[in-house]
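These notes are about the structure you will find just below.
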Amino acid sequence: MAQLIFFLFLWAGVCQAETFDGPERLERDLCLIREWQCSPCRSFPVTYNAILEGGYLLMPSARMGEVGELGFGFASIPPYYNWNLRCEILPRFEISGSYRVFRGVEDHLLSPFGFGDFSDKGVNMKFAAILPEDSDFKLPGLATGWNDFLGTKAFQSKYVVMTYVRPEWNLEATLGFGWQRIRGFFGGLAFYPFRNFGNMWLEGVSLNAEYDATNYDIDPHPLGRPHHYKDKDRIGRTQPFKVNFGLKYRAFDAIDLTFSYLKGKNFGFAGSLHYNFGTTEGFLPKIDDVLPYSAPRDLEPIGPFRPEDLFLHEIVTAFCEQGFFVERILLYYDSCGEKTLKIAFENEKYWQECEVRDRITHLLASLVPEDIDIVYAVQMVGTIPIQQYRFYGNFLKQFFCNEISPYEFAILSPLEEVTCNDTLAPRQLFYRNLPYFNFSVLPRTHYYFGTAKGKFKYGAGVTVELDGYLPWGGLQYHIQAGMLIFSSIHNTSDID
């Protein structure tokens, strides 16, 4: 028993020492942050190849970006210029498009009309059955892909690829097998020598090497005579060496630059920009956004101590300060005899639904009278209701008193489809007249790819818009007129 008491006092002294050792505690926290930054489970960079699919220089890997990412890039890979677009539309699914231009090789049909060098368009997709991140990089990832599966399919290939990532070694290795243009086994390596140096400008540098299994003999030629064309080096058919080398630089998790030596004879360059629109909080910080509503709080029922006009002023003003515009407020008893308040509002400020819910919850928990049984917060777009929240009065009171957490409250007050439950003689407390006229001036753009007189045609100008709501029935009208000021579209012809 004495030993137990001794250990309890010893443990209490250690806890107290850890609570009050300011400089020592700060030092330990900094060491902990450093250890986390060097942790093997930290995110490992993803790089992209010449057609902007997860890979190295020319070969693919089993890795891919996050859902919601969009990428745009350019690659100079002799004898081609590649313009690429990539998007992650679903988990484990990557799709990219490539516009490939043959440098210095004319299209024998369209070049006389001003089309320029011969070009080809392709679409690529890749599906990952297993990602290395699924097992915290303990197991390899496995993916299958199909390049150029639409259109002429001149650069078509299919492959299965496996990638193993060892973050503690700063190393990534790939082995795959392909058919058609990628023929046989291929592989790749990526090594990040400065990843754990703690220097943000150097940690994105990687050394890359790959075994190029591309069968360049089947690449197309615009003259249509691939086996009789004498200058095979001009159209990239020769490959003295099958190992490619490159230096990649990944900056800010958004910029990917590649300098490479390919086929044992050519130098290449690729650059791309990537941004995740699915998790973005905007390009500019929202420093002017107010905090969720907290005060003043007024739960007094509508009556002598809280007149109706005062209640409406509090609700409408608070909603407006939070970025919501109240369109209508109804008060009625539903079919079960419960006192119900319905507030229709329009959101023109917040993108994420969780932000809207959080602010609406704080508003209602602080301002809705305590004798209200149910509150419907209906989100509108113009005069069209799109979704609603159903809040029960007793749950609002518990949330107001911090008796339930925001997570519990979100489960008890789900987002749902709009219901027509105000047919029992609702009383309209507030109605906002919608504007009859709105005037705006916007930019106007048109663009086309692949015309006979050039690969890209554009038009830029202005658009004048007039819209509003008619005074009867809430009908909306929209009138638009535009004019192009700068344009290269006028020189298109019948052949387009």
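The values are calculated or read from the model by the stated rules, or taken from the named source; none is laboratory data. Just so it is clear, the structure is predicted and the values come from calculations on it, not from any experiment. Heads up, the Cβs are rebuilt from the backbone with ideal geometry, glycines too, and the neighbour counts pull from every protein chain shown. Accessible surface areas use protein heavy atoms only, side chains included; no ligands, DNA or RNA. Shrake-Rupley method; radii C 1.70, N 1.55, O 1.52, S 1.80 Å.
Numbers for the structure displayed
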| read-out | value |
| --- | --- |
| Degrees separating the helix 2-20 axis from the principal Cα axis of the chain, which is the longest one | 80 degrees |
| Cα lying deepest toward the dipole's positive end in the chain, options F259, G65, I479, charges on Cβ | F259 |
| Contour excess over end-to-end distance, with Cα ends at Y477 and F267 and 0.36 nm allotted per residue | 69.9 nm |
| Those lysines that a straight Cα-Cα span of less than 18 Å connects to K265, excepting residues fewer than 8 apart in one chain | K232, K242 |
| Solvent-accessible heavy-atom area per residue, rounded to whole Å², over the chain at 1.4 Å | 56 Å² |
| Total formal charge among the other residues, if their Cβ is under 10 angstrom from that of L52, Lys/Arg +1 and Asp/Glu -1 | -2 |
| Computed accessible area, E281, all protein chains, 1.4 angstrom probe, square angstrom | 150 Å² |
| Assigned charges on the beta-carbon of Lys, Arg, Asp, Glu; the chain dipole about Cα centre (debye) | 2720 debye |
| Heavy-atom accessible surface of the chain: percent carbon and sulfur, 1.4 Å | 64 percent |
| Solvent-accessible ranking of R92, R359, largest area first, probe 1.4 Å | R92, R359 |
| Set of aspartates and glutamates with alpha-carbon distance to K138 below 15 Å, sequence-local pairs under 8 removed | E168, E172 |
| Angle in degrees between helix 22-37 and the longest Cα principal axis of the chain, rounded to the nearest 10 | 50 degrees |
| FRET efficiency, 1/(1 + (r/R0)^6) with R0 51 Å, evaluated for Y249 and V418 via beta carbons | 0.50 |
| Degrees separating the helix 308-321 axis from the principal Cα axis of the chain, which is the longest one | 20 degrees |
| Cross-link partners of K349 among aspartates and glutamates (Cα-Cα below 18 Å; sequence separation of 8 or more within a chain) | E281, D288, D289, E321, E327, D358 |
| Over the chain: helical MRE at 222 nm, DSSP H runs n ≥ 4 each giving -39500 (n - 2.57), nearest 500 | -5000 deg cm²/dmol |
| Dipole moment magnitude, nearest 20 debye, segment 65-214 about Cα centre, only Lys, Arg, Asp, Glu C-beta charged | 360 debye |
| Residue among G393, S206, F311 farthest towards the positive dipole end of the chain, charges placed on Cβ | S206 |
| Largest to smallest accessible area among F194, F283, F305 [probe 1.4 Å] | F305, F283, F194 |
| Cβ-Cβ FRET estimate between F93 and A209, R0 fixed at 35 Å, reported to 0.05 | 0.80 |
| Accessible-area order (highest first, 1.4 angstrom probe) of the listed residues W201, W351, W179, W146 | W351, W201, W179, W146 |
| Inter-label distance for S488 and Q387, nm, one decimal - labels placed 7 Å from Cα along Cα-to-Cβ | 4.2 nm |
| Entries of K342/K397; K153/K248; K339/K397 with Cα pairs more than 21 Å apart | K153/K248 |
